[in-house]
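Down below is the structure, laid out as structure tokens.
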Amino acid sequence: MNIEKFLQDKVVATAKNLYGELDPSLLQLQKTRKEFEGDMTLVTFPLLKLSRKSPEQTAQQIGEALLEQVAEVKGFNVVKGFLNISLSEAFWAARLEDIRADEGFGQGAPTGRTVMVEYSSPNTNKPLHLGHIRNNLLGYSVAELLKAAGNRVIKANLINDRGIHICKSMLAWQLFGNGETPASSGLKGDHLVGKYYVAFDKAYKEEIRELTSRGMDEEQAKREAPIMQQAQAMLRKWEAKDPEVYALWERMNGWVYEGFDLTYKAMGVDFDKVYYESQTYVLGKSLVEDGLARGVFFRKEDGSVWADLSGDGLDQKLLLRGDGTSVYMTQDLGTAYTRFQEEQLDDLIYVVGNEQNYHFQVLKLILSKLGYAWSDHITHLSYGMVELPEGKMKSREGTVVDADDLIDGMVETAREMSQELGKLDGLSEQQIDDICQMIGLGALKYFILKVDPRKTMLFDPRESIDFNGHTGPFIQYTHARICSVLRKASEAGLAPAAKIDGALLVPEEVALIGTLAEYPATVLAAAETYSPSVVANYVYELAKAYNGYYHDFSVLREQDKAKQALRLALAGTVARVIASGMALLGIGVPERM
RNA sequence: GGUUCCGUAGCUCAGUUGGAUAGAGCAACAGCCUUCUAAGCUGUAGGUCGAGCGUUCGAACCGCUCCGGAAUCACCA
């Protein structure tokens, strides 16, 4: 039950009695700030024209009427124009019972909609880095949020497995690799391939230097450097399906996939559908030709096909080259069309960095010009860059934070810290591994997901390896402590209360139930705005509220058995909601740490 | 230059459809481990919400104008 809505209805009815018909939106209810007494607050300023009284008198009048007519209202106080309403303990006790009885608490009713979330979308020429981590964590979490909001969700990954950048790694491996393989080198497949991508760039730069020192201008040198010429020749061979090049391509991509699988597994992300660009890059041509025939696009003298978007404040956009080959936009038009057809999608969400805002603006506009109503159901979830203290990450300059290194480092730090604090004694190696994995990744994931996706965020590798304060491990710790209490209570033969007696609730516990009751609405809000950060901050507030209040006394030593049973029930519910919220972020919660 | 996004404490970030005295964490300072886990708790200090004007009973939030920063504007993907 939504408390705000419940009270809203009562207040609307009361106000209608007092002032006649009115717009329900005039009655603004919000949670009472903690420095005031009360549970919900009605802001009376919008009502003054109807009541024709001062804010204080209006609040007083409504408060008295509510107290008289609504059984759940226990009392009220008026501060300036704010009517602070207190709800009865019995009401709150019933809410806690509702939550406990609801096994799918936080799970929204089915919407009947199918939503595809495309995320990750890596290139197969280098390992994943910190920027990819933000993408993957956001994509996974948004997919989970949409599921929780009642949608059928398809997680999709479109792998960019072809193109000149792939040929660069392949060529460099041929030239300098001496047959090196992941097995022979001990390198993870994606790292091995990435090594040759870097090697290509190094050799390329060397050749440019060589050519320019002999008087060639730089642009020409970039075009004519032999190694670049070779790479382009290789791409043409690939497109002609030259058996040798194709075999090499398959072999090296295979190495990369083995590497990516490990990284995905470590991050805990997965996909329902994997698309390969090598199979989809021909899509879209027929759409463009259709649009051309209908006069939506136009052809230039050299045969290239364009969309003129200057009427919409944008530029002209190339859709087919003069030689008839397609570009990125062409493929995306085709894949979007195919997906809506094949999967019967209601919505398609692309998790892609904000450097591609323009691309998606154009994509949607073109689809709309082609007359596809579903273009409105495409969303570009545009997230900000992750910056380092030194500035941006540049893969070619080696200033990237490698995903695998980062994950390993976090897990290792979690392990050191656990040992130092003397936790985890008496657990098996396997248990310790699992817990440290959860904590290390929890810290990393939470650090990234607590920030609003749209914002550029700063990642300081030193400060970010923090397990204190507003972090994932703090929330995990709170969960672990509750589990510990429940474990010990159970050993002592104590059980959580089956029935909640409102008379035993103290104000802090009422506040805690109030926070718990907000969880479903929070999940829905997060799903609607594609912002895992909303859930992340909520879970922290919940954990902090619990930790702050329950720190001062011992549940286990409580003399009053009824109170003790109630507190165990409340603690268990808090732990359940924490675990549920963290799961939406892809973060596990250990039972001890 | 055009378009889009961002600007909140020394630092990293929250801040609900506009509501009360703008909140956390980190860093600093002062306390708290014979009681369920101190990865914790309590307290102190820290603010011209980039600037100005406007709308409103009321603005960090809405509008306009500036200032500062980012992304993008390829026959790359």
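Read-outs throughout are calculated quantities, based only on the coordinates presented, and are distinct from any laboratory measurement. This one's a predicted model, so the numbers in the text were calculated from it and none came from an experiment. Here the Cβ positions follow ideal geometry from the backbone for every residue, glycine too, while neighbour counts run over all protein chains shown.
Values for this structure:
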item: Helix axis angle, A:328-343 relative to chain A longest principal axis, alpha carbon, degrees; result: 50 degrees
item: Whole-Hz couplings from phi, Karplus 6.51/-1.76/1.60, listed for region A:311-327; x for Gly and Pro; result: x, 9, x, 10, 9, 7, 10, 6, 10, 9, 6, x, 7, x, 7, 9, 10
item: Chain lengthening between A:Y549 and A:H165 when straightened (0.36 nm per residue, less Cα-Cα); result: 132.6 nm
item: Calculated FRET efficiency for the pair A:T325/A:D98, C-beta based, R₀ 56 Å, to 0.05; result: 0.40
item: Fraction of alpha-carbon pairs over 14 Å apart in region A:103-185 - percent; result: 73 percent
item: A:T212 paired with A:V274, simple spin-label distance in nm, labels 7 Å along Cα-to-beta-carbon; result: 4.0 nm
item: Stokes-Einstein translational diffusion, region A:1-122 - Kirkwood Rh over all Cα pairs, 1.002 mPa s, 20 °C, in µm²/s; result: 131 µm²/s
item: Under-5 Å amide H pairs with A:H129, H placed in peptide plane, nonlocal only; result: A:A403
item: Around A:T338: net Lys/Arg minus Asp/Glu count, Cβ-Cβ under 15 Å; result: -3
item: Distant-in-sequence amide H partners of A:V153 (H built 1.01 Å from N, under 5 Å); result: A:V115
item: Cα principal axis extents for chain A, largest first, Å; result: 90, 66, 43
item: Structure-based [θ]222 nm, chain A - -39500 (n - 2.57) summed over DSSP H runs of at least 4, per residue, nearest 500; result: -18000 deg cm²/dmol
item: Simple label model, 7 Å out from Cα along Cβ direction - A:Q57 to A:D261, nm; result: 7.7 nm
item: Nearest-20 debye value, region A:440-530 charge dipole, Cβ charges on Lys, Arg, Asp, Glu; result: 260 debye
item: Exceeding the 20 Å Cα-Cα cut-off - candidates A:K31/A:K147; A:K126/A:K155; A:K34/A:K80; A:K188/A:K265; A:K423/A:K488; A:K49/A:K80; result: A:K31/A:K147; A:K126/A:K155
item: Linear extension gain, A:S490 paired with A:T114, 0.36 nm per residue minus alpha-carbon span; result: 131.1 nm
item: Net charge, A:C167 excluded, C-beta distance under 10 Å - Lys, Arg +1, Asp, Glu -1; result: +4
item: Additional length obtainable on full extension of the chain from A:D425 to A:S286, 0.36 nm per residue less Cα span; result: 43.6 nm
item: Proximal aspartates and glutamates relative to A:K74, as straight alpha-carbon distance under 14 Å, when same-chain residues fewer than 8 apart are discounted; result: A:E37, A:D39, A:E64, A:E89
item: Nearest-0.05 FRET efficiency for A:D466 and A:E219, computed from C-beta distance (R0 35 Å); result: 0.15
item: 37 °C / 0.692 mPa s Stokes-Einstein diffusion coefficient of region A:243-313, Kirkwood radius on C-alpha pairs, µm²/s; result: 201 µm²/s
item: Under 5 Å, built H, 5+ apart or other chain: amide partners of A:I349; result: A:M116, A:V117, A:E118, A:T379
item: Region A:409-437-region A:66-121 distance, computed between alpha-carbon centres (Å); result: 38 Å
item: Förster radius 60 Å - calculated FRET efficiency between A:D376 and A:S184, Cβ distance, rounded to 0.05; result: 0.70
item: Cα pair distances exceeding 22 angstrom across region A:486-585, given as percent; result: 34 percent
item: Spin-label pair A:A525/A:E21, simplified geometry with 7 Å Cα→Cβ offset, distance in nm; result: 3.2 nm
item: Mean Cα-pair separation over length for chain A, i.e. relative contact order, pairs under 8 Å, 6 or more apart, %; result: 15 percent
item: log10 of Debye I(q)/I(0), alpha-carbon scatterers only, for region A:201-287 at 0.11, 0.13, 0.21 Å⁻¹; result: -0.56, -0.72, -1.02
item: For region A:358-371, 3J(HN,Hα) per residue [Karplus equation, 6.51 cos²θ - 1.76 cosθ + 1.60, θ = phi - 60°, Hz, x = Gly/Pro]; result: 5, 4, 6, 4, 5, 4, 5, 5, 5, 4, 5, 5, 6, x
item: Karplus-derived HN-Hα couplings along region A:429-435 (A = 6.51, B = -1.76, C = 1.60, θ = phi - 60°), whole Hz, x at Gly and Pro; result: 3, 4, 4, 4, 4, 4, 5
item: For A:L585, net neighbour charge (Lys/Arg +1, Asp/Glu -1) across residues whose Cβ lies under 10 Å away; result: +1
item: C-alpha center-to-center spacing [region A:252-319, region A:22-59] in angstrom; result: 53 Å
